[in-house]
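Below is one structure, written out as structure tokens; comments come after it.
The values are calculated or read from the model by the stated rules, or taken from the named source; none is laboratory data. Predicted model, so just to flag it, every value in this text is computed and none were measured. All Cβ positions, even for glycine, are placed from backbone atoms using ideal geometry, and neighbour counts span all protein chains on display.
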Amino acid sequence: MNFGNIEALLRADDWDGLTAYMDDHVAKLAAAGVDLLIGVSNTLHRILPELAGRHGLRLIHTADPTGEAIRSAGLDRIALFGTRPVMELDYLADHYRSRHGIDIVTPNDAEKAEIDRIIFEELCRFDVRETSRTTYLDIADRLVREQGAQGVILGCTEIFLLMRPEDRPDLPLFNTTELHCRAAVEAALA
């Protein structure tokens, strides 16, 4: 898969085109004998459950290992950072709420735009800036203070480059990429 194609479809808000593009790739995986679908992209989890079902594949949903980790930590109100679709559309928030009893809080519109910009214009290019780290941490601090967030879901594969546990030792961070990959290894070895 070419991330450039995926990004272009996302930027165009072309979910039908993205679904068709991904469906072609998932069909090839299924034809090759794959039985477990793992997609570490939080954004693509808007369509991955449908595609996995269409091709008879098991899916480890990115929100499940993360939700389990949040509940194991005794938390139930968490901020969600990610691309605009992750923060603006309800597909992940609904999954966390219905499957794990976790309330999701998200940044305001201006903060969402800045989080998304940093992901695509900086982090996807491995451009990690201290000013952006400060921006993310300031947004997280505001969500803790004003909305009662007890931690932050790093809901994009690149955010761990910017937000690290040592930056705010008292703020639990849940790296979906790491948690999802661990669950995938466990499933593959089971």
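Of these, Ala188, Ala113, which one is in contact (Cβ under 8 Å) with a residue 12 or more places away in the chain, more than 19 Å from Phe3 (Cβ to Cβ), surrounded by fewer than 16 Cβ atoms within 10 Å (Cβ to Cβ) and not assigned by TED's automatic domain parsing to the domain that holds Arg71? Let's see the steps before the verdict.
Values: Ala113 fails: not assigned by TED's automatic domain parsing to the domain that holds Arg71.
Going through Ala188, Ala113 in turn, the sole match is Ala188.
Could you pull out the residue among Thr135, Thr177 that is over 20 Å from Leu92 (Cα atoms) and either touching a strand residue (DSSP E or B) at 6+ places or on another chain (Cβ under 7 Å) or β-branched (Val, Ile, Thr) (or both)?
Matching residue, one of Thr135, Thr177: Thr135.
Restricting to the stretch 34-65, what's the tally of residues that are closer than 29 Å to Asp138 by Cβ, in contact with a helix residue (DSSP H, G or I) (Cβ under 6 Å, 6 or more places away or on another chain) and not in a helix (DSSP H, G or I)?
3
Can you tell me which residue is surrounded by the fewest Cβ atoms within 10 Å (Cβ to Cβ) among those in the stretch 136-159 that are touching a helix residue (DSSP H, G or I) at 6+ places or on another chain (Cβ under 6 Å) and farther than 18 Å from Arg77 by Cα?
Glu158
Does the stretch 17-37 hold any residues that are crowded, with 19+ Cβ neighbours inside 10 Å and either in contact with a Pro (Cβ under 8 Å, 6 or more places away or on another chain) or over 22 Å from Met87 (Cβ atoms) (or both), and which are they?
Scanning the stretch 17-37 gives Val26, Leu37.
Would the stretch 38-52 turn up any residue that is closer than 23 Å to Val185 by Cβ, touching a residue at least 12 places away in the same chain (Cβ under 8 Å), assigned by TED's automatic domain parsing to the domain that holds Phe160 and more than 12 Å from the chain's Cα centre (by Cα)?
So far as the stretch 38-52 goes, no, none of its residues is closer than 23 Å to Val185 by Cβ, touching a residue at least 12 places away in the same chain (Cβ under 8 Å), assigned by TED's automatic domain parsing to the domain that holds Phe160 and more than 12 Å from the chain's Cα centre (by Cα).
Based on this model, can you work out whether Arg129 counts as assigned by TED's automatic domain parsing to the domain that holds Pro85 and either aromatic (Phe, Trp, Tyr) or within 28 Å of Gly4 (Cβ to Cβ) (or both)? So that I can check it myself, show each step before the final result.
On the way: assigned by TED's automatic domain parsing to the domain that holds Pro85: yes; either aromatic (Phe, Trp, Tyr) or within 28 Å of Gly4 (Cβ to Cβ) (or both): yes.
For Arg129, the condition - assigned by TED's automatic domain parsing to the domain that holds Pro85 and either aromatic (Phe, Trp, Tyr) or within 28 Å of Gly4 (Cβ to Cβ) (or both) - is met.
If Leu143 satisfies all but one of (1) out of contact with any strand residue (DSSP E or B) (no Cβ under 6 Å at 6 or more places or on another chain); (2) at pLDDT 95 or above; (3) part of a helix (DSSP H, G or I), what's the number of the condition it fails?
Leu143 satisfies every listed condition except (1).
Name the residue that is surrounded by the fewest Cβ atoms within 10 Å (Cβ to Cβ), counting only residues in the stretch 66-100 that are of a type in the set (A, V, I, L, M), outside any helix (DSSP H, G or I) and modelled with pLDDT of 95 or more. Outline the logic, then answer.
Within the stretch 66-100, the first condition is being of a type in the set (A, V, I, L, M), and the residues that meet it are 69-70, 73, 75, 78-80, 86-87, 89, 92-93.
Right, trim to outside any helix (DSSP H, G or I) and you get 73, 75, 78-80, 89.
Retained after the next criterion (residues that are modelled with pLDDT of 95 or more): 73, 75, 78-80.
On the way: Ala73: 13, Leu75: 16, Ile78: 26, Ala79: 26, Leu80: 26.
So, considering only residues that are of a type in the set (A, V, I, L, M), outside any helix (DSSP H, G or I) and modelled with pLDDT of 95 or more, the one surrounded by the fewest Cβ atoms within 10 Å (Cβ to Cβ) is Ala73.
Only one of these is at pLDDT 95 or above, of a type outside the set (Gly, Ala, Ser) and within 30 Å of Leu36 (Cβ to Cβ): Arg133, Arg182, Arg129. Name it.
From the options Arg133, Arg182, Arg129, the qualifying one is Arg182.
Could you figure out which of (1) over 15 Å from the mean Cα position of the chain (by Cα); (2) within 15 Å of Cys156 (Cα to Cα); (3) part of a loop (DSSP other than H, G, I, E, B) isn't true of Ala113?
Against the list (1) over 15 Å from the mean Cα position of the chain (by Cα); (2) within 15 Å of Cys156 (Cα to Cα); (3) part of a loop (DSSP other than H, G, I, E, B), Ala113 comes up short only on (3).
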